[in-house]
Amino acid sequence: MDHFLYKDGALHAEDVAISEIAAAVGTPFYVYSAATLTRHFQLFDAALEGTDHLVCFAIKSNSNLAVLKLLGNLGAGMDVVSGGEYRRARAAGIPGERIVFSGVGKTREEITLALTGGVRQFNVESEPELRAISEIASALGVVAPIALRVNPDVDAKTHEKIATGKSENKFGIPIAKARAVYAEAAKLSGIAVVGVDVHIGSQLTELAPFEAAFTKVRDLTLALREDGHDIRRLDLGGGLGIPYTRSNEAPPLPTEYGAMIKRVLGDLGCEIEIEPGRLISGNAGLMVSSVIYVKEGEGRDFLILDAAMNDLVRPSMYGAHHDIVPVVEPAAGTEPAAFDIVGPVCETGDTFAKGRNMTPLASGDLVAFRSAGAYGAVMSSEYNSRPLIPEVLVEGDHFAVIRQRPSFEEMLSRDSIPVWL
Ligand code: LLP
């Protein structure tokens, strides 16, 4: 459930009309609903009630400081994968003990930053990384809490670009090798083994792959304890999928996911961490755009929008579907027609949808892309020298711009022309 509904024929974010925000900030823009973000976080928190747990929001899905602050105020931890994300978490007031540092290639600078600023644990993805953390922690005279990210060789049954749990993927340490690497970790100075980490992919729409992976983690935990390791924390990653269409998709709910976790792992006495991104932020955001032109083509008509692949890359990058709805609710009985919905960028790949049924729209009309709160703004770029688009947060009947649209002067000022030119 989200908080983007038509009221009196006009699409609203909570109690604010989308058209009102468009008039204030111009299009395109992202808008997030505080109530939806809150609801989604609390669903996970409630799903793990009764077990010691921490829900660590995957910042990569939406890294705006206001979003992080909102979730942090609710008690969320954060999952970060770069020094930039670590800095964002800290700037949003999240204490180090609630920040998990994931990522397949942490640099020495990033490791140092987290060790000096405070970190709950590193999720370590390789032996060289483990040794680097040991060296840096020892030199700083501190102890780095670590979990090894194991690769369980499980098929997540999701898009190949976002599946991470098969042995051919670059992620984690093969589970068959894990005991040996844990044994090495236990001998290294500056390292404290605290847990096991796993993340098998994103936009999973079934529980079975999670359960298969978590069962392997369970077996590993028992084996590691026999080996003498103090495994007290299990980080189960993120990945629970969301419905991208309103009609036929019904991925498992956080309650079902939580119940499965408790069933498979509940008796181990471990603290459970999860790292959801998309399920918290995805359906909490829209991207709003205006129609620039309606163009009649040969055999097909195009809606040319002022948003493009640089603003929301998911359709061109993954062939992803986003529902696109008019901001003014169509009158009952209006006949839809098929359109190709495209942006102005000079690539055929700049296509949001092909042959999409839409009620007729005219130049200047507003449309909203649903499910755009995750992996939308964070993946945007300035391709075609299009400035990054603003982000807006709505709470009840008010809204705030939480990232300004940069001016062209700001964009150009980052370049410099060498003196010899
Ligand atoms: N933890 C780790 C270690 C991850 O790599 C990811 C996502 C998450 C948590 C959060 O997964 P989520 O709950 O959001 O599924 N750009 C792609 C998604 C890439 C996901 C990468 N890792 C997209 O737009 O679909």
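The values are calculated or read from the model by the stated rules, or taken from the named source; none is laboratory data. Predicted model only: the values in this text are computed from it and were never measured. Ideal geometry is used to build each Cβ from the backbone, glycine not excepted, and the neighbour counts take in all protein chains shown. In case anyone asks, the SASA skips ligands and DNA or RNA and just uses the protein heavy atoms, side chains included. Shrake-Rupley method; radii C 1.70, N 1.55, O 1.52, S 1.80 Å.
Cβ-Cβ contacts under 7 Å between residues 6 or more apart (or on different chains), taken from a first residue in segment 185-198 that is within 15 Å of residue 221 (Cβ to Cβ) to a second residue that is part of a helix (DSSP H, G or I) and open to solvent by 20 Å² or more (accessible area, probe 1.4 Å), are listed as 193/186.
I'm checking my understanding of the structure. Among residues of segment 143-159 that are farther than 20 Å from residue 103 by Cβ and charged (D, E, K, R), which one is nearest to the ligand (Cβ to nearest atom)? Applying the filter and picking the extreme gives 157. Consider segment 166-192 and keep the residues that are among the small types (Gly, Ala, Ser) and open to solvent by 60 Å² or more (accessible area, probe 1.4 Å). The one that is farthest from the ligand (Cβ to nearest atom) is 189.
Scan segment 399-414 and give yes if some residue there is away from the ligand (no atom under 16 Å from the Cβ) and among the aromatic types (Phe, Trp, Tyr), otherwise no. Within segment 399-414 (the criterion being away from the ligand (no atom under 16 Å from the Cβ) and among the aromatic types (Phe, Trp, Tyr)), the answer is yes, since at least one residue qualifies. Residue by residue through segment 319-370, note down the ones that are in contact with a His (Cβ under 9 Å, 6 or more places away or on another chain) and open to solvent by 50 Å² or more (accessible area, probe 1.4 Å). Residue satisfying the conditions is 319 alone.
Only a single item in (1) under 12 Å from residue 191 (Cα atoms); (2) open to solvent by less than 20 Å² (accessible area, probe 1.4 Å) is not met by residue 131, and it is number (2).
Please tell me if residue 114 is hydrophobic (A, V, I, L, M, F, W, C), open to solvent by 10 Å² or more (accessible area, probe 1.4 Å) and outside the structural domain of residue 21 (by TED's automatic domain parsing). Working first, answer last.
On the way: hydrophobic (A, V, I, L, M, F, W, C): yes; open to solvent by 10 Å² or more (accessible area, probe 1.4 Å): no; outside the structural domain of residue 21 (by TED's automatic domain parsing): yes.
For residue 114, the condition - hydrophobic (A, V, I, L, M, F, W, C), open to solvent by 10 Å² or more (accessible area, probe 1.4 Å) and outside the structural domain of residue 21 (by TED's automatic domain parsing) - is not met.
When each of 272, 242 is tested for being in contact (Cβ under 8 Å) with a residue 24 or more places away in the chain and touching a Lys or Arg at 6+ places or on another chain (Cβ under 6 Å), the lone residue that passes is 242. Within segment 215-230, not a single residue is open to solvent by less than 20 Å² (accessible area, probe 1.4 Å), within 23 Å of the chain's Cα centre (by Cα) and within 16 Å of the ligand (Cβ to nearest atom). Only one residue in 163, 91, 132 is under 30 Å from residue 75 (Cβ atoms) and either within 12 Å of the ligand (Cβ to nearest atom) or among the small types (Gly, Ala, Ser) (or both). Which one? None of the other options fit; the residue is 91.
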